[in-house]
1. Is it true that residue 219 is closer than 16 Å to residue 158 by Cβ, within 16 Å of the ligand (Cβ to nearest atom) and touching a helix residue (DSSP H, G or I) at 6+ places or on another chain (Cβ under 7 Å)?
2. Could you tell me whether residue 251 is farther than 30 Å from residue 201 by Cα and either in contact (Cβ under 8 Å) with a residue 40 or more places away in the chain or surrounded by 15 or more Cβ atoms within 10 Å (Cβ to Cβ) (or both)?
3. Going by the structure shown, is residue 35 within 18 Å of residue 125 (Cα to Cα), part of a strand (DSSP E or B), away from the ligand (no atom under 16 Å from the Cβ) and assigned by TED's automatic domain parsing to the domain that holds residue 322?
4. Within segment 9-32, how many residues are within 16 Å of the ligand (Cβ to nearest atom) and more than 23 Å from residue 111 (Cβ to Cβ)?
5. Please go through segment 65-83 and give me each residue that is crowded, with 18+ Cβ neighbours inside 10 Å and at pLDDT below 95, ordered by number.
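The values are calculated or read from the model by the stated rules, or taken from the named source; none is laboratory data. On a predicted model such as this, the values are computed, not experimentally measured, just so you know. Note: ideal-geometry Cβ built from the backbone for every residue, glycine included; neighbour counts use all protein chains shown.
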Amino acid sequence: MVKRIGLLTGGGDCPGLNPAIRAAVLQATQLGHECIGILDGWKGLIQENTRPLTREDVEGLVGQGGTLLGTSRTNPYKQEKENGVARCIENFRKLRLDALVAMGGEDTLGVAAKLHEDHKLPVVGVPKTMDNDLSATDSTFGFDTAVTIAVDAAHRLLDTGRSHRRIMVLEVMGRHAGWVSLFTGIASGADYVCLPERPVDIRDMTERLKAAHARKGVALIVASEAIEMPDGSRKEEKLDEFGHMILKERGVAERLTNLVQKETGVETRAAVIGHIQRGGPPTLFDRMLGTRVGVQAIRYAHQGQFGVMVALRGNQVAAVPLKEATGVLKTVPPEWLELLDVLMYPRPQQSQHRHNDPKAVSSR
Ligand code: F6P
């Protein structure tokens, strides 16, 4: 039986979405199904805003960032005045859809899980997020590209910082999980990494930065946008429709820069890479992952397997219940923090103890 399959992308865009859309459309067409693009995430389903999606429409998408379908952070469960949820169900029927493939992160897939549970909406989820914080899958596309760009930015900051003998602060996105800062910090050889999973110890940070600056004439801190400021300062918090803090308004880089300059006495500059991380051509990894999960989502829809998300488990794509996928945020576990500590140069007195003066350790 020919099926009409709706496709939508919700939440923050990320590189890998276009390859996933392309793969889904090509697989659907090959199975004899028809694809309808729903524009701007759940907003498009509420407003019945669609476009056709044929093979021709998706040609060349594999190397493009962004999403052909547009996106939004609209939450139908918060659109009470417009009867958001009821309109989604009604328009799904009006559009004569047999299945819906929703590509998104925790929020978009959380709505998909609820619509499936509350209204039996035949939905398949595709995980995407540059934050890499979805727990039921080993990886999400978008992350690899975002970190690759951030690592490049870090090296550029090191070049200019070295020339001016400065400390440089790079603020990266990633929301309440520190994966982006962790991977950026490790892969760029940063001297200090601040992530939400571990409170920043001002003394430890200052000593390491001063030592690094003394050794190399430059030092780099990679900081996640979601860290608590080590001096305890807070800013007023604004929330989006999903109840998430709008993190870019917290000004982490600027505030950390002032603190570091004050504590170290070294001239310090900040850069916020922000949305640059979310644009540009997807890396090979993100193209391949997007392609694999896009194809598999259509296969599940074809088989009538709904209420699931296509996860990457090891090197296999597999179905996991949508509810499981959106239940818990995947944050950085202690073993990753231990690895990070191995890769950061020890504080001066630690290295002295270890290499020069064994007695100093026992006499502490
Ligand atoms: O969730 C992806 C993400 O890029 C986060 O890392 C960041 O905090 C947020 O989206 C930014 O959202 P917006 O594009 O709405 O400013």
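1. no
2. So residue 251 does not fit the description; no.
3. For residue 35, the condition - within 18 Å of residue 125 (Cα to Cα), part of a strand (DSSP E or B), away from the ligand (no atom under 16 Å from the Cβ) and assigned by TED's automatic domain parsing to the domain that holds residue 322 - is met.
4. Qualifying residue count for the region: 0.
5. Hit for segment 65-83 is 79, nothing else.
For (1) touching a residue at least 60 places away in the same chain (Cβ under 8 Å); (2) of a type in the set (Lys, Arg), each residue gets a yes or a no:
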| residue | (1), (2) |
| --- | --- |
| 78 | yes, yes |
| 88 | no, no |
| 91 | no, no |
| 98 | yes, no |
| 101 | yes, no |
| 108 | yes, no |
| 117 | yes, no |
| 120 | no, yes |
| 127 | yes, no |
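Per-residue answers, yes or no, for (1) at pLDDT below 95; (2) within 15 Å of the ligand (Cβ to nearest atom); (3) in contact with an Asp or Glu (Cβ under 8 Å, 6 or more places away or on another chain); (4) closer than 22 Å to residue 325 by Cα:
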position: 143; (1), (2), (3), (4): no, yes, yes, yes
position: 156; (1), (2), (3), (4): no, no, no, no
position: 164; (1), (2), (3), (4): no, no, yes, no
position: 214; (1), (2), (3), (4): no, no, no, no
position: 233; (1), (2), (3), (4): yes, no, no, no
position: 239; (1), (2), (3), (4): yes, yes, no, no
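A quick yes/no check of all residues on (1) modelled with pLDDT of 95 or more; (2) under 20 Å from residue 186 (Cβ atoms):
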| site | (1), (2) |
| --- | --- |
| 283 | yes, yes |
| 289 | yes, no |
| 307 | yes, no |
| 332 | yes, yes |
| 339 | yes, yes |
| 350 | no, yes |
| 357 | no, no |
